[in-house]
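Worksheet for the structure shown next.
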Amino acid sequence: MLDILEKYSLAESLSYLAGKYPSKVVFSTSLGQEDQVITDAIFKNKIDIKVFSLDTGRLFQETYELIDRTRSKYKQNIDIYFPNTEKVQQILTQKGANSFYESIENRKECCFIRKIDPLKRALSGAEVWITGLRAEQSENRNDMKIWEWDEGNKVWKFNPLINWTHKDVLKYITVNKVPDNPLHRKGFISIGCQPCTRAIDPDEHPRAGRWWWEESKKECGLHA
């Protein structure tokens, strides 16, 4: 499988997997530039892959607007998964709206409720999970392969852009006129929830703007 996927183009590899695992391939998009590249390839080529996104309830307004622009451009839907209402109510009642600032444990709890738990629902029944991960995004992703087994979610994980550079991504977006988030032009390279994301300086690491108040691996747990 690895040899086949590595020799194909982005669209070719997506089409191949959709044919090999009919109705069992899904793509999770956080609306970042990498994810918009993959969304473009899926929607433009009408590949039978479900595209979904996790709405944590605390996204930037620009992200919501990008969802609408993307749906309008391609005339296709993005399935939205929300966190469990009772779990959100419970954490807000017991710990307040901003408990994630207080400790890494609290932040991971919030990420679990708002992202990891909904992801498991979204992946239910799937055999292949497509992501927009790139190796140069963080040290944690350097060793990831283009095709690997995700034991936690019991699915095959396809990372078609793992060896792409940021320049590759920007070139694709420009050439194909792919809609992206205007926050990227304001120093927001990696965009997550609004309270947990800040703009970065040109000399900072791309993930420095995520959970900037803590010393951690800068991951929410989706790609452990």
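The values are calculated or read from the model by the stated rules, or taken from the named source; none is laboratory data. Since this is a predicted model, take the numbers as computed values, not measurements. Quick reminder, even Gly has a Cβ in these numbers, built from the backbone with ideal geometry, and neighbours come from all protein chains shown.
Only one of the numbered conditions (1) among the aliphatic types (A, V, I, L, M); (2) buried (at least 19 other Cβ atoms within 10 Å of the Cβ); (3) out of contact with any Leu (no Cβ under 9 Å at 6 or more places or on another chain); (4) under 17 Å from C193 (Cβ atoms) is not met by A126, and that is (4).
Taken residue by residue, segment 108-116 has no member that is over 22 Å from W212 (Cα atoms) and aromatic (F, W, Y). Among the numbered conditions (1) crowded, with 20+ Cβ neighbours inside 10 Å; (2) modelled with pLDDT of 95 or more, the only one that Q137 does not meet is (2).
Go through (1) surrounded by 15 or more Cβ atoms within 10 Å (Cβ to Cβ); (2) in contact with a Lys or Arg (Cβ under 8 Å, 6 or more places away or on another chain); (3) at pLDDT 95 or above; (4) within 26 Å of C196 (Cα to Cα) for C111 and report which single condition fails. Failed condition: (2). Picking from residues in segment 167-203 that are part of a helix (DSSP H, G or I) and among the β-branched types (V, I, T), the one that is surrounded by the most Cβ atoms within 10 Å (Cβ to Cβ) is V169. State which residue is surrounded by the fewest Cβ atoms within 10 Å (Cβ to Cβ) when the search covers only segment 73-82 and only residues that are touching a Leu at 6+ places or on another chain (Cβ under 9 Å) and either free of Cβ contacts under 8 Å to residues at least 24 places away in the same chain or in a loop (DSSP other than H, G, I, E, B) (or both). Among residues in segment 73-82 that are touching a Leu at 6+ places or on another chain (Cβ under 9 Å) and either free of Cβ contacts under 8 Å to residues at least 24 places away in the same chain or in a loop (DSSP other than H, G, I, E, B) (or both), the one surrounded by the fewest Cβ atoms within 10 Å (Cβ to Cβ) is F82. Evaluate segment 99-106: report whether one residue or more is out of contact with any Gly (no Cβ under 7 Å at 6 or more places or on another chain) and either closer than 14 Å to P179 by Cα or among the acidic types (D, E) (or both). Yes: one or more hits.
Scanning segment 19-42 for residues that are buried (at least 19 other Cβ atoms within 10 Å of the Cβ) and assigned to a helix (DSSP H, G or I) yields a count of 10.
Across segment 62-72, not a single residue is classified as touching an Asp or Glu at 6+ places or on another chain (Cβ under 6 Å) and either assigned to a loop (DSSP other than H, G, I, E, B) or buried (at least 21 other Cβ atoms within 10 Å of the Cβ) (or both).
Pick from segment 43-59 the residues that are of a type in the set (K, R) and either assigned to a loop (DSSP other than H, G, I, E, B) or at pLDDT below 95 (or both): which of them is farthest from the chain's Cα centre (by Cα)? Per the criteria, the residue is K46.
Of the numbered criteria (1) over 15 Å from the mean Cα position of the chain (by Cα); (2) farther than 27 Å from L17 by Cβ, the one I146 fails is (2).
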